[in-house]
Amino acid sequence: MPLDSSIYTLSALRLDGRRWNELRRINGQISTQQAADGSSYFEMGNTKIVCTVNGPQEQKRGGGRDQSNEAKVEVEIGIAGFSGVDRKRRMRNDKRIQEMQYTISSAFQNTLFTHLYPHSTIAINLHVLSQDGSLLAACLNACTLALIDAGIPMSDYIAACTTGSMASYADKEDEADPLLDLNGLEEQELPFLTVGTSGGEDKVSVLIMETRVQMARLEAMISVGLDGCKQIRSILDGIVRAHGKKVLESKVS
Amino acid sequence: MPSEPLPPNPNREFILSALRQNTRLDSRALDAYRPISLRFPSDPDTYGQTDVRIGKTRVLCSISCDVGAPYPDRKFDGVFSITCELGPMGSPSWEIGRQDQTEIVLSRLLEKTVRRSGALDTESLCIVAGQKCFHLRADLHILDNDGNLLDTATLALVAALLHFKRPDVSVEGEEITVYDVREREPVKLTLTHTPFIITTSFYPSQHRSDHDLIAVLDTTLEEEQCRSGSLAISLNRHGEVCNLAKYGSCGLEGLSVLTAVNMALDKAKMFDRLVKERLDEDEKMRAEVFGRKGVDLSAENERVMERPVG
């Protein structure tokens, strides 16, 4: 069913009843798999991701090949066949997934304190159970939680979200409202970008946009995105602190 | 060699401290491109091949087309595929057949910029819906890597697409006739817009400081290996941004992104003008050659009658 964006300007509400600057329901849990070093389960609306982290561990192959004195972050994403609307078996070496893996690994390569673990690998495994938009953003957030659970020191959380622009490039300026946190249907129809921040409210760490948009719209989209990331960061922080409190209480009492 | 050797520390420090004083090793401005050379084949029968050089970085792009069946879920569209080949000629660390990170990033960005943004109108490649369409294939070969592969590769691809002419085709009922280039003049491709990629690299301005990253365009290989982050912007000369890619490197302020996009717009216009100029020159050259060829094809030869007969 194509998106009917005419109702947006009339009611100022989106298909799921949100306003332009509201995030979807976010739910996250830490330490969901005891066997892994770190794990998390993250939901952003209907996008559900399970993440496990194993590491830092010895490099799997090539003892002397890697001469860097930093840990390597390796990411693997598996998208379940039942995650989308149609059942589709995704091949592992799909270029799109490989690019996503590269984005996540280079994002964390810079925020994790990799110099503390030379010649080792931090392996991140992501499983997408359900996708309804904001896939990359949800993956980044899930990885942040799992890495914190694994106890790997990092300079800051990576909080990510998506923003989109209401109008197509032919419309007037005043009708082009930026939208925060797009769901799957909106992502297919509207131009959108994924922005991830780390180390400060204004510091963009990851920025991916694959759709065409007028230059003038970018400013609004990015600033709304940065604001959304701030909200997500405080949500992630809340999840971590709540878990920490629970662990402390169970140990103390 | 598994990976490209990084520049030694003194080189790295020198490049970074030079940038802090607004100079580069080859005395260019921070937003200046190296000399760009864009050449088309001199053979008048060959269309859709470009040889682009930005400084020492060299990319060859070749477009070819074939007739085949369209994808079953896209009956009205032709098929357009882009393949990049990174071989040892370009850099000693590249091996054929082994997928490097560079190759993945390069081919994905090219696909997103040219294919996903709809630059090439694939509907125009359709001959008979659901049965026959043109399969357009773009092959890029990186012949030499001296930094800024993305810009060079996109320039080569877009120029080749603008230059390429596909065979003319006519459909009568069920019969499809594909004319040879010698029977009927081949037809240009329809491009809805011409996107270019401009890569902006960022360098720290002070030791260990995140403030005020220095933005540099068109980096050489050595400069690229010292950078702390980069942002690839794909846009066309109308200011429509098709793609933004910042793959998680140094933290960049939101404002710097917008500044970079504005800088990129000027460069996109520059690329656009350059491509148009070269295409016009090539057209003129071909018209002359073709004109002469047309005369050659006729039965009557040019005879110079100077001496009277008899």
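Working carefully through the options A:Thr162, A:Thr121, A:Thr103, find the one that is in contact with a strand residue (DSSP E or B) (Cβ under 9 Å, 6 or more places away or on another chain), within 14 Å of chain B (Cβ to nearest Cβ), of a type in the set (Val, Ile, Thr) and outside any helix (DSSP H, G or I).
Step by step, each of A:Thr162, A:Thr121, A:Thr103 is checked, and only A:Thr162 is in contact with a strand residue (DSSP E or B) (Cβ under 9 Å, 6 or more places away or on another chain), within 14 Å of chain B (Cβ to nearest Cβ), of a type in the set (Val, Ile, Thr) and outside any helix (DSSP H, G or I).
Do you know which of the residues in the range A:23-47 that are closer than 17 Å to A:Thr163 by Cα and of a type in the set (A, V, I, L, M) is surrounded by the most Cβ atoms within 10 Å (Cβ to Cβ)?
Step by step, filter the range A:23-47, then rank; the result is A:Met44.
Take residues that are open to solvent by 50 Å² or more (accessible area, probe 1.4 Å) and more than 25 Å from B:Val105 (Cα to Cα) and tell me which of the strands (runs of 3 or more DSSP E) falling wholly in the range B:25-83 contain 1 or more.
Ranges flagged: B:36-39, B:57-68.
Select from the range B:93-145 the residues that are among the small types (Gly, Ala, Ser) and either part of a loop (DSSP other than H, G, I, E, B) or over 15 Å from the mean Cα position of the chain (by Cα) (or both) and list them in ascending order.
B:Ser93, B:Gly97, B:Ser117, B:Gly118, B:Ala119, B:Ser124, B:Ala129, B:Gly130 - these are the residues of the range B:93-145 that are among the small types (Gly, Ala, Ser) and either part of a loop (DSSP other than H, G, I, E, B) or over 15 Å from the mean Cα position of the chain (by Cα) (or both).
So that you can scan it fast, the table gives a plain yes or no per residue for (1) at pLDDT 85 or above; (2) of a type outside the set (A, V, I, L, M):
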residue: B:Lys56; (1), (2): yes, yes
residue: B:Cys61; (1), (2): yes, yes
residue: B:Thr83; (1), (2): yes, yes
residue: B:Pro92; (1), (2): no, yes
residue: B:Gln101; (1), (2): no, yes
residue: B:Val105; (1), (2): yes, no
residue: B:Thr113; (1), (2): yes, yes
residue: B:Ser117; (1), (2): yes, yes
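Among the residues of the range B:196-203, is any more than 9 Å from chain A (Cβ to nearest Cβ), aromatic (Phe, Trp, Tyr), crowded, with 17+ Cβ neighbours inside 10 Å and more than 21 Å from B:Ile104 (Cα to Cα)?
Yes, the range B:196-203 contains at least one residue that is more than 9 Å from chain A (Cβ to nearest Cβ), aromatic (Phe, Trp, Tyr), crowded, with 17+ Cβ neighbours inside 10 Å and more than 21 Å from B:Ile104 (Cα to Cα).
What are the residues in the range B:110-128 that are open to solvent by less than 10 Å² (accessible area, probe 1.4 Å) and of a type in the set (Lys, Arg), if any?
B:Lys112
Does the range B:244-254 contain any residue that is within 11 Å of chain A (Cβ to nearest Cβ) and open to solvent by 40 Å² or more (accessible area, probe 1.4 Å)?
There is at least one residue in the range B:244-254 that is within 11 Å of chain A (Cβ to nearest Cβ) and open to solvent by 40 Å² or more (accessible area, probe 1.4 Å).
Conditions first: (1) crowded, with 16+ Cβ neighbours inside 10 Å; (2) in contact with a Ser or Thr (Cβ under 6 Å, 6 or more places away or on another chain). B:His193 passes all but one, so which condition is the exception?
(2)
Checking B:Ile96 against (1) of a type in the set (Val, Ile, Thr); (2) open to solvent by less than 20 Å² (accessible area, probe 1.4 Å); (3) touching a Gly at 6+ places or on another chain (Cβ under 7 Å), only one condition comes out false. Which one?
Here B:Ile96 meets the rest and fails (2).
Within the range B:147-167, can one find any residue that is closer than 24 Å to B:Phe76 by Cβ and assigned to a strand (DSSP E or B)?
Among the residues of the range B:147-167, at least one is closer than 24 Å to B:Phe76 by Cβ and assigned to a strand (DSSP E or B), which makes the answer yes.
Applying the selection to the range B:81-132, what residues are among the basic types (Lys, Arg) and either more than 14 Å from chain A (Cβ to nearest Cβ) or within 20 Å of B:Ile54 (Cα to Cα) (or both)?
B:Lys132
Only one of these is more than 11 Å from every other protein chain (Cβ to nearest Cβ), modelled with pLDDT under 90 and over 21 Å from A:Thr103 (Cβ atoms): B:Leu217, B:Leu297. Name it.
B:Leu297
Every residue in the range A:203-217 that is in contact (Cβ under 8 Å) with a residue 12 or more places away in the chain and either part of a helix (DSSP H, G or I) or more than 7 Å from chain B (Cβ to nearest Cβ) (or both), please.
Passing the criteria: A:Thr211, A:Ala216, A:Arg217.
If you go through the range B:1-48 one residue at a time, how many are farther than 24 Å from B:Ile198 by Cα and touching a strand residue (DSSP E or B) at 6+ places or on another chain (Cβ under 8 Å)?
Going through the range B:1-48 one residue at a time, the tally reaches 2.
The values are calculated or read from the model by the stated rules, or taken from the named source; none is laboratory data. In this text, all values refer to a predicted model and were calculated from it rather than measured experimentally. Backbone-built Cβ (ideal geometry, glycine too); neighbour counts: all protein chains shown. SASA here: full protein model, heavy atoms, side chains in, ligands and nucleic acids out. Shrake-Rupley method; radii C 1.70, N 1.55, O 1.52, S 1.80 Å.
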